[in-house]
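Asks: Got a structure here, written out as structure tokens. Questions coming.
The values are calculated or read from the model by the stated rules, or taken from the named source; none is laboratory data. Keep in mind the model is a prediction, meaning the values are calculated, not measured. Every residue, glycine among them, receives a Cβ derived from its backbone with ideal geometry; neighbour counts consider all protein chains shown.
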């Protein structure tokens, strides 16, 4: 029984460490270029991951979250990804748009 409990707690701990998009980032929709034709182009957005991350995937999600938050700060409704670079500090770039409706 203690072994099962330990494994369950470990799984819960690791799941709790996963990066999730912030409420602000969730308000910006990730889009493709063909979805923003009728939208106002706001400009380029940059995001990077800093600090410790359990995995490269988690670090990349942290960089994307930062970019989406920055897009939200500029009143964007959509973000089209342009570039993503893995490495010690993952970086992402995209173009932010404000779309009607």
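Asks: Name the one entry in 46, 97 that is surrounded by fewer than 19 Cβ atoms within 10 Å (Cβ to Cβ), outside any loop (DSSP other than H, G, I, E, B) and modelled with pLDDT of 85 or more.
Replies: Numbers: 97 fails: surrounded by fewer than 19 Cβ atoms within 10 Å (Cβ to Cβ).
Of the residues listed, the single one that is surrounded by fewer than 19 Cβ atoms within 10 Å (Cβ to Cβ), outside any loop (DSSP other than H, G, I, E, B) and modelled with pLDDT of 85 or more is 46.
Listed here are the residues, each with its yes/no results for (1) without any contact (Cβ under 8 Å) to a residue 24 or more places away in the chain; (2) farther than 14 Å from residue 26 by Cβ.
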position: 46; (1), (2): no, yes
position: 58; (1), (2): no, yes
position: 71; (1), (2): no, no
position: 77; (1), (2): no, no
position: 81; (1), (2): no, yes
position: 90; (1), (2): no, yes
position: 101; (1), (2): yes, yes
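Asks: Filter segment 49-79 down to residues that are within 12 Å of the chain's Cα centre (by Cα) and not in a helix (DSSP H, G or I) and give me whichever is surrounded by the fewest Cβ atoms within 10 Å (Cβ to Cβ).
Replies: 49
Asks: I would also like to ask the following. When you go through 26, 20 one by one, which is the residue that is more than 13 Å from residue 95 (Cα to Cα), within 11 Å of the chain's Cα centre (by Cα) and at pLDDT 80 or above?
Replies: None of the other options fit; the residue is 26.
Asks: Additional query: Does segment 30-38 include one or more residues that are in contact (Cβ under 8 Å) with a residue 24 or more places away in the chain, surrounded by 13 or more Cβ atoms within 10 Å (Cβ to Cβ), in contact with a strand residue (DSSP E or B) (Cβ under 9 Å, 6 or more places away or on another chain) and assigned to a helix (DSSP H, G or I)?
Replies: yes
Asks: Ok, one more. Residue 55 is checked against (1) in contact with a strand residue (DSSP E or B) (Cβ under 6 Å, 6 or more places away or on another chain); (2) more than 22 Å from residue 34 (Cβ to Cβ) and fails just one. What number does that condition carry?
Replies: The failed condition is (1).
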